[in-house]
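K.L.:
Dropping a structure here in structure tokens format, bear with me for questions.
Every number in this text was worked out from the coordinates using simple rules, so none of it is lab data. Remember, predicted model here, so these are calculated numbers, not experimental data. Quick reminder, even Gly has a Cβ in these numbers, built from the backbone with ideal geometry, and neighbours come from all protein chains shown.
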Amino acid sequence: MRRALAQNPNMLRTIVGLGMTLILILSYAVYSATLDSGYYLAKTSNDARDVMVVDDPINGSYTFSTEDAISWINVTIDNAPFGSIMEVTAVGGVWWYHPNLGIEMDDNVPFQCFTPDTQDYEGIAENCESSAQHSSNIEDGTASMRGILTSDLPLSGTWAILSDNLTSASLEVNRTLEDAQLNRTWTIRILDDTGSPMNSTGTGVQVGTVHHDLISVEQFTIDPITELIWSMTALVGCFGVTLILPVTLYLAALAKTKKAEAELSSTSDSEE
């Protein structure tokens, strides 16, 4: 390559020209991709609401119902009989529960029921138990159970959808919200260690839910100017690294040629 560059100094200009052409073409490709994204962002409300509970403390039973698109449910009990068990049952669908749900783990990340499957990163791994009925031991008279009612609704209230256009994206979002609107009747029971109902007079029961209502569906966009600058910077850096070797060889060949010409000129002068 050194000899080729020495014999053809225009080769470097050709390499640089081709590199700049590729930089412009690829930068424009990145810029165009930012203008027409196939992803859409759906935003829903994320409202926490208290639920009215009908109590029957003599039989240790409490009932309530839900019918909206709900992601979270939180049942809290205080002043319950010591050594008792809280049992929560949903009629009309299953729900997911784990004692660590919502609690920060050792890595300061809250425990989650649904995480990406690390085997293929295509599916979803369930880390919680799915059932219509879950129970928890009541310690010191207080207990709390958090549960997830659906795996489709975003817990943050925002999620991305890959779709052909805004209309189909909106239809998919509305269909997801409609599928999550399940009419359920819930029963909370206070049981002893044998599974028999206990008199829970004086026990306080609070139930909270998180509701989702559609706010907007918009096409995902980013600042094309910023992306163009970043893409050009990355491409210039890549091609810069690629051109280091040929430029170095060219300069070395050029210096060697000039040195040889100087020696030849010096020899000619001495002969004269």
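K.L.:
What FRET efficiency comes out for residue 52 versus residue 220 if R0 is 45 angstrom and r is the Cβ-Cβ distance? Round to the nearest 0.05. The partial results should precede the final answer.
P.N.:
Details: r = 39 Å, r/R0 = 0.87.
Plugging the Cβ-Cβ distance into 1/(1 + (r/R0)^6) gives 0.70.
K.L.:
With labels modelled as points extended 7 Å from the Cα through the Cβ direction, what inter-label distance (nm, one decimal) is found for residue 178 paired with residue 193?
P.N.:
Result: 5.2 nm between the two label points.
K.L.:
Suppose each label sits 7 Å from its Cα in the direction of the beta carbon; what would the residue 137-residue 63 distance come out to in nanometres?
P.N.:
With each label point 7 Å from Cα toward Cβ, the separation is 3.1 nm.
K.L.:
Between residue 255 and residue 168, what is the spin-label point distance in nm, taking each point 7 Å from the Cα along the Cα→C-beta axis?
P.N.:
That separation, rounded to one decimal, is 6.0 nm.
K.L.:
Quick one: compute the contact order of region 39-219, relative version, from alpha carbon pairs under 8 angstrom and 6+ residues apart, as a percent. Could the numbers behind the result be given before it?
P.N.:
Working: 422 pairs, mean separation 88.7, N = 181.
About 49 percent, as a whole number.
K.L.:
Which percent of the Cα-Cα distances in region 39-219 go past 24 Å?
P.N.:
Details: 7199 of 16290 pairs.
So the portion of pairs separated by more than 24 Å is 44 percent.
K.L.:
Can you sort 184, 189 by how many other beta carbons sit within 10 Å, fewest first? Don't jump to the answer; show the numbers that get you there.
P.N.:
On the way: 184 19, 189 23.
Neighbour counts put them in this order, fewest first: 184, 189.
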